[in-house]
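> Here you go, one structure.
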Ligand code: AMP
């Protein structure tokens, strides 16, 4: 099963993706986590990435498309996977759509976890204390939210119009367990 999970920073997509991946026994592929792992390496690439990520900007489509296309062709992705944080731009969506076509892969479900902007800011603030994520600082929150509205919302619109039967919206201002069960209900249909 292949699931795409969308939501603004702080909407809870990482939390839901983790629970779902355990429940469905498929991989949770978070591009944010993959990139944060890369930052732990002392490489030239990680130095460049650190500046981009900590400023709240997006890393290049080319780099992320390359990472993802290599990752999903590995054996452990055969059963399926959950994309968390990808595709995040229209270029990424176009790239992965063609990649799926060429590799006989099919999206099964797309979920958007919605959260209003005030709640989003509150949650990211809280997370910046709890997880000490450099890109959760007040200064970068605005950039990250702008990126979401300018670059990622068009991706949501793209899938809503091309795959309306696979696209579901779930309210993010609910208990984690309720959001999870709402997603499961859609999957069980
Ligand atoms: P996240 O944990 O999903 O919020 O991602 C953290 C940061 O990693 C983002 O603010 C971006 O700088 C970078 N990132 C994650 N996914 C992508 C993506 N699909 N395209 C570009 N940059 C990304």
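> All but one of (1) under 16 Å from the mean Cα position of the chain (by Cα); (2) surrounded by fewer than 14 Cβ atoms within 10 Å (Cβ to Cβ) hold for residue 145; state the number of the condition that does not hold.
The single condition residue 145 does not satisfy is (2).
> Do we find a residue being within 14 Å of the ligand (Cβ to nearest atom) and in contact with a strand residue (DSSP E or B) (Cβ under 8 Å, 6 or more places away or on another chain) anywhere in region 141-154?
Looking for residues that are within 14 Å of the ligand (Cβ to nearest atom) and in contact with a strand residue (DSSP E or B) (Cβ under 8 Å, 6 or more places away or on another chain), one finds at least one in region 141-154, hence yes.
> Now for a separate question. Return only the number of the condition from (1) in contact (Cβ under 8 Å) with a residue 12 or more places away in the chain; (2) farther than 21 Å from residue 147 by Cα; (3) part of a helix (DSSP H, G or I) that residue 3 does not satisfy.
(3)
> Need pairs with beta-carbon distance below 8 Å; first residue more than 13 Å from the ligand (Cβ to nearest atom) and within region 36-61, second part of a helix (DSSP H, G or I); sequence gap 6+ or separate chains.
Cβ pairs passing all conditions: 40/46; 45/38.
> Moving to a separate point now. Scanning for something within 12 Å of the ligand (Cβ to nearest atom) and out of contact with any strand residue (DSSP E or B) (no Cβ under 6 Å at 6 or more places or on another chain), does region 23-32 turn up at least one residue?
So far as region 23-32 goes, yes, one or more of its residues are within 12 Å of the ligand (Cβ to nearest atom) and out of contact with any strand residue (DSSP E or B) (no Cβ under 6 Å at 6 or more places or on another chain).
> Restricting to region 78-99, name every residue that is in contact with a helix residue (DSSP H, G or I) (Cβ under 6 Å, 6 or more places away or on another chain), assigned to a strand (DSSP E or B) and near the ligand (Cβ under 10 Å from one of its atoms).
To start, the set of residues in region 78-99 that are in contact with a helix residue (DSSP H, G or I) (Cβ under 6 Å, 6 or more places away or on another chain) comprises 82, 84-93, 95, 99.
Narrowing the set further to residues that are assigned to a strand (DSSP E or B) leaves 82, 84.
Across region 78-99, the qualifying residue is only 84.
All of the numbers you see were taken from the coordinates with simple rules; none came from a lab. Keep in mind that this is a model prediction, so the values were computed, not measured. Note that we place each Cβ from the backbone using ideal geometry, even for glycine, and neighbour counts take in every protein chain shown.
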